[in-house]
Structures are given as C-alpha cells and as structure tokens.
1. I'd like to know if region 164-179 contains one or more residues that are modelled with pLDDT of 95 or more, within 22 Å of Ser107 (Cβ to Cβ) and either open to solvent by 50 Å² or more (accessible area, probe 1.4 Å) or touching an Asp or Glu at 6+ places or on another chain (Cβ under 9 Å) (or both).
2. In region 267-309, what count of residues is obtained for those that are open to solvent by 70 Å² or more (accessible area, probe 1.4 Å) and in contact (Cβ under 8 Å) with a residue 40 or more places away in the chain?
3. Could you tell me which residue of region 39-82 is nearest to the ligand (Cβ to nearest atom), considering only residues that are assigned to a loop (DSSP other than H, G, I, E, B) and of a type in the set (A, V, I, L, M)?
4. Of the residues Ala208, Ala200, Ala217, only one is in a strand (DSSP E or B) and open to solvent by 10 Å² or more (accessible area, probe 1.4 Å); which?
5. So, restricting to strands (runs of 3 or more DSSP E) that lie completely within region 83-171, which ones have at least 1 residues that are small (Gly, Ala, Ser)?
6. Among Leu248, Leu227, Leu236, which is the only one that is more than 12 Å from the ligand (Cβ to nearest atom), assigned to a helix (DSSP H, G or I) and closer than 30 Å to Ser107 by Cβ?
7. Quick one: in region 150-181, of everything that is farther than 11 Å from Val267 by Cβ and under 14 Å from the mean Cα position of the chain (by Cα), which residue is farthest from the ligand (Cβ to nearest atom)?
8. Which residues, counting only those in region 104-125, are over 17 Å from the mean Cα position of the chain (by Cα) and open to solvent by 10 Å² or more (accessible area, probe 1.4 Å)?
Amino acid sequence: MGKMRTQSAPWRAAAVLASVLLVGGVAACGNSDTGGGGTTDDGKITMGFSQVGAESGWRTANTTSIKEAAAAAGIELKFDDAQQKQENQIKAIRNYIQQKVDVIAFSPVVESGWDTVLKEAKDADIPVILTDRSVDSADKSLYKTFLGSDFVKEGRLAGEWLVEQKKTASGPVNIVELQGNTGAAPANDRKKGFGEAIAANPNLKIIASQPGDFTRAGGKQVMEQFLKANKKIDVLFAHNDDMGLGALEAINAAGKVPGKDITIITVDAVKDGMQALADGKFNFIAECSPLLGPQLMDLAKKVHAGEEVPPRIETEETTFTTEQAKEALPNRKY
Ligand code: AHR
C-alpha cells in the first residue's frame, strides 16, 4: 500500500495508459467491423439470450435446444432465466448491451412494453432476434426477425377439431379455457384462434376462462375453481400441455373421467402431454415445436454477417389425435 502511495509521476502515467489500452481492447472484443457486432478474441460470436423462465416441459425442451445448438454452432451463449418477469428480461438485455455481445435473442414473456430497450439495442448496433414469442412494437426495424410458431393457427386448429367432433351436438357444449400468462403472445393468440373457430357452431360456448400461467400448478388450481363453480363442463381447452396435466389432477379429484366426461384439448405435444393423449386422458393436441435452437443459431450467424433474413420465419407444426400420439411417442425427443 505504502509503495503505491509513493509512485513516481512517470510510473503513474504509464499505468494509466496501460489501463486505457486494456479497457479499449476489451471493448473492441465485442464489436468488429461487420456492421452489427463483432467476435470475441477467439473468433466466436457471442449471443445474449433471455429466456422466459422454466414454467413448462416445452420451455425446458426449448432451453436445451438453444444451449445444444449454440455449442454445436460454436456460438458463445450468455443465458438468463427471467422467471416469467418482464423486468428481469429488460435487465438481462441491458446487461447484454453493456457487455457488447454480438447478437441478442429473447423470447418475450409478454407482447407489450419493449420499445425502449429494443431502441437501446439498436442504438448500440446490436441486432436482436425474437424467438418463440413476438412483440407488438409498431417499429419493425427494432428487431431483425421473428422465429416461432403461428399461435393463432394453433388455437384455430384446436377449435376446428372441436367443431368437427361436436357437429351433431343438439344442446349447449360448455367449454372452460385455461389461458397462458396474461399478456403473452401465445395466450392472446391461441384464445383468438380458438374463439374464431368455435364461432362456427353457436352451441359451443366458453363459460369460463382464466390464466393458469402455463404451469401445472396453475392448471390444477384454476381447474379446481372451474369445477366448483360449474356443474356441467363438457370441454377443457388448455393453452399448453402442462396446464392440461395439472387439470387432470383436479378432474380426477372431482370424480370425473378425463378424456371421457370432459374432452381435453391442449397445445404443445411434449412427451407427458403425448402420453396423456395416447392414454386417452387428453383428446387432441395442436403441436408447438420448442426445437428452435438450430434455426436460431443459423440466423444469428447471418445477421452478424450483415446478411438479409426474412422478417418472419414460421415453425412447421402438426396436430395429434390419440392414435397419432401412440405412433409418434416412441420417437418423441422431448
Ligand atoms: O411460448 C410458447 C409457450 O410457452 C408454450 O406453449 C408453453 O408451454 C410455454 O410455456
């Protein structure tokens, strides 16, 4: 300590110069001359990824896909779990901007409220890729592309299947709906698509609709309330498998037979959901694929190289009945 206090002026000047060079060098690591970013010392692209959380089997599979694909593509991944909170995502994105990552990718927990932080990324010349869920920003220049499912279509496919099943119903068909977390794109869009499809048959009525936050616990708790408040429930539409799986517990506890007394339609097609469908506890699933990692890494390389990418890339998906689930289950990876 004493020695430091007695440094000579030339020595101090040299130390200051060295630290300036060091800071400059570190800062330069994050950016190169390739337009939207740079590479680390070892030539790797660095991606900052903000994940929604770990709320469902789908999300776990999505996180695995992203981590594995980053490793396979040689992309250095900085990963943050936002625990379903928008403020955590905004904080993570700001950290990535400060760290001067090359690309930022995230799956927005809700649709609204992103303009300010997206503008900050744009001003820092860091390209942003939206994955899984989109945002409702009017300014599309705030992000490079959106890779993910058509959630309205998923809801519509679920509704169309129900319309077909109930085409001979002579009286009211009472439907309860378990929504995803409030404000999330898949919650808004699946509700919309399903509602539009069932409008084809005036007998089909949604008698109760509440958020279960895409979790098993949420699905169970809200289904218990639905069962208490409504004597006649014919159909459950759950916005994901996990809420449907939670609801099974509530339905069993109420002495009803899932898949028979109550027709159950869900979205995702993760293994546990597919098992429930194969066992006849669920009746129909609209698929939503979580395997977005390889396409995301591909896009990251392209935007980093300054290449044009399409503004919207839609995931390919299908639907499953019980028979189809039985067939697909042995090869289901997640
Ligand atoms: O955004 C995709 C949705 O989020 C999945 O359907 C759901 O399981 C997840 O939590």
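The values are calculated or read from the model by the stated rules, or taken from the named source; none is laboratory data. Note that the structure is predicted; figures quoted are calculated from it, not measured. Reconstructed Cβ throughout: ideal geometry from the backbone, glycine too, with neighbour counts over all protein chains shown. Surface accessibility is based on the protein's heavy atoms, side chains included, excluding ligands, DNA and RNA. Shrake-Rupley method; radii C 1.70, N 1.55, O 1.52, S 1.80 Å.
1. Yes; the residues of region 164-179 include at least one that is modelled with pLDDT of 95 or more, within 22 Å of Ser107 (Cβ to Cβ) and either open to solvent by 50 Å² or more (accessible area, probe 1.4 Å) or touching an Asp or Glu at 6+ places or on another chain (Cβ under 9 Å) (or both).
2. We begin by selecting, within region 267-309, every residue open to solvent by 70 Å² or more (accessible area, probe 1.4 Å); these are 271-272, 275, 279, 281, 291, 294-295, 298, 301-302, 307-308.
From the residues that got through so far, the ones that are in contact (Cβ under 8 Å) with a residue 40 or more places away in the chain too are 271-272, 275, 291, 294-295, 298, 301.
Counting residues in region 267-309 that are open to solvent by 70 Å² or more (accessible area, probe 1.4 Å) and in contact (Cβ under 8 Å) with a residue 40 or more places away in the chain gives 8.
3. So in region 39-82, the residues assigned to a loop (DSSP other than H, G, I, E, B) come out as 39-45, 52-56, 74-75, 82.
Filter once more, so that each one left must be of a type in the set (A, V, I, L, M): 45, 52, 54, 75, 82.
Details: Ile45: 25, Val52: 7, Ala54: 9, Ile75: 22, Ala82: 12 Å.
My answer is Val52.
4. Values: Ala200 fails: in a strand (DSSP E or B); Ala217 fails: in a strand (DSSP E or B).
Exactly one of Ala208, Ala200, Ala217 is in a strand (DSSP E or B) and open to solvent by 10 Å² or more (accessible area, probe 1.4 Å), namely Ala208.
5. Values: elements: 103-106, 128-131, 145-148.
Those strands (runs of 3 or more DSSP E) span 103-106, 145-148.
6. The match here is Leu248.
7. Going through the qualifying residues, I end up with Asp150.
8. Asp115, Thr116, Lys119, Glu120, Lys122, Asp123, Ala124, Asp125
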